[in-house]
Amino acid sequence: TQLLEQSPQFLSIQEGENLTVYCNSSSVFSSLQWYRQEPGEGPVLLVTVVTGGEVKKLKRLTFQFGDARKDSSLHITAAQPGDTGLYLCAGTDYKLSFGAGTTVTVRA
Amino acid sequence: KAGVTQTPRYLIKTRGQQVTLSCSPISGHRSVSWYQQTPGQGLQFLFEYFSETQRNKGNFPGRFSGRQFSNSRSEMNVSTLELGDSALYLCASSLSPGTSYEQYFGPGTRLTVT
């Protein structure tokens with residue numbers, strides 16, 4: 001059973017559209033991380049959110065951490081084909097506990 | 001600076017055999033963690049090594065084992081392979097154990113058990 005539930009499982013959009021990926025936890029983690037994984041590669045850390053209610057922006061990516069620190073979202077504005085990949089959220093304690101991931105495809 | 005390297009990148013084994021996978025961490029990183037990634041279960045933590053000692057272990061059977069050498073390089077071994085062991089095995093290195101420091105993942109070893 002996944003401690004972290006991600007939705008949707010798959011997302012296919014046209015270049016220029018916006019998208020949001022959700023991550024919901026049954027537990028409170030000390031922090032939550034978002035990764036992107038491309039085929040044939042390992043996950044790459046995008047951001048770490050620590051404080052409830054925190055919002056972090058990374059160019060066209062906006063990350064939010066819920067007030068209760070049990071849910072998070074990733075919003076991409078004006079998606080580009082280079083944003084294609086598997087997006088993973090992970091809760092941190094002594095190890096990383098990953099959600100199942102959201103496969104995002106951005107069509108040119 | 002070179003990233004995390006894993007060898008081999010691809011491996012095909014038969015049920016009942018054993019396999020050893022290798023991970024070389026980023027220079028200066030002393031902690032290595034191993035994860036198994038499958039379509040059904042996603043990424044799951046196997047174990048973490050620091051200073052040649054296993055610090056934490058995930059919920060995997062004893063067929064899965066690992067070790068770390070004095071130069072921080074790590075190996076994991078799977079004995080008596082089962083079809084369900086087919087997966088992408090990822091290692092991640094960090095400066096210190098736990099998750100306070102960023103973990104950098106290697107490209108993984110794709111293991112296929114037939």
- Message: So, B:Val19, is that one away from chain A (no Cβ under 11 Å), surrounded by 17 or more Cβ atoms within 10 Å (Cβ to Cβ) and farther than 25 Å from A:Ser97 by Cβ or not?
- Response: yes
- Only residues in the stretch A:15-29 that are under 24 Å from A:Ala78 (Cα atoms) count as the first member; pair them with residues that are β-branched (Val, Ile, Thr), Cβ under 6 angstrom, at least 6 apart or cross-chain, and list the lot. A:Glu15/A:Val106; A:Asn18/A:Thr77; A:Leu19/A:Ile13; A:Leu19/A:Ile76; A:Val21/A:Thr102
- Message: Tell me which strands (runs of 3 or more DSSP E) are completely within the stretch B:15-62 and hold 3 or more residues being modelled with pLDDT of 95 or more and of a type in the set (Phe, Trp, Tyr), or say none if there are none.
- Response: B:42-50
- Confirm whether B:Leu43 is within 11 Å of chain A (Cβ to nearest Cβ), under 16 Å from B:Ala87 (Cα atoms) and among the aliphatic types (A, V, I, L, M). yes
- Can you find a residue in the stretch A:60-72 that is touching a residue at least 12 places away in the same chain (Cβ under 8 Å), closer than 28 Å to B:Val32 by Cβ, within 11 Å of another protein chain (Cβ to nearest Cβ) and surrounded by 22 or more Cβ atoms within 10 Å (Cβ to Cβ)? no
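With the structure loaded, tell me whether B:Ser93 is in a strand (DSSP E or B), more than 14 Å from every other protein chain (Cβ to nearest Cβ), in contact with a strand residue (DSSP E or B) (Cβ under 7 Å, 6 or more places away or on another chain) and over 20 Å from A:Gly101 (Cβ atoms) or whether it fails that test.
No, not satisfied.
I'd like the full set of residues that are within 9 Å of the chain's Cα centre (by Cα) and surrounded by fewer than 22 Cβ atoms within 10 Å (Cβ to Cβ), limited to the stretch B:22-35.
Scanning the stretch B:22-35 gives a single hit, B:Ser22.
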- Message: If a residue must be more than 16 Å from A:Ser7 (Cβ to Cβ) and modelled with pLDDT of 95 or more, how many such residues does the stretch A:66-83 contain?
- Response: 7
- Residue in the stretch A:4-16 that is farthest from B:Asn59 (Cα to Cα), counting only those that are loosely packed, with under 13 Cβ neighbours inside 10 Å and within 14 Å of chain B (Cβ to nearest Cβ): A:Phe10
- Query: Taking A:Val50, is it within 13 Å of chain B (Cβ to nearest Cβ) and aliphatic (A, V, I, L, M)?
  - Reply: yes
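The values are calculated or read from the model by the stated rules, or taken from the named source; none is laboratory data. Since the structure is predicted, the reported quantities are computational estimates derived from the model, not experimental observations. All Cβ positions, even for glycine, are placed from backbone atoms using ideal geometry, and neighbour counts span all protein chains on display.
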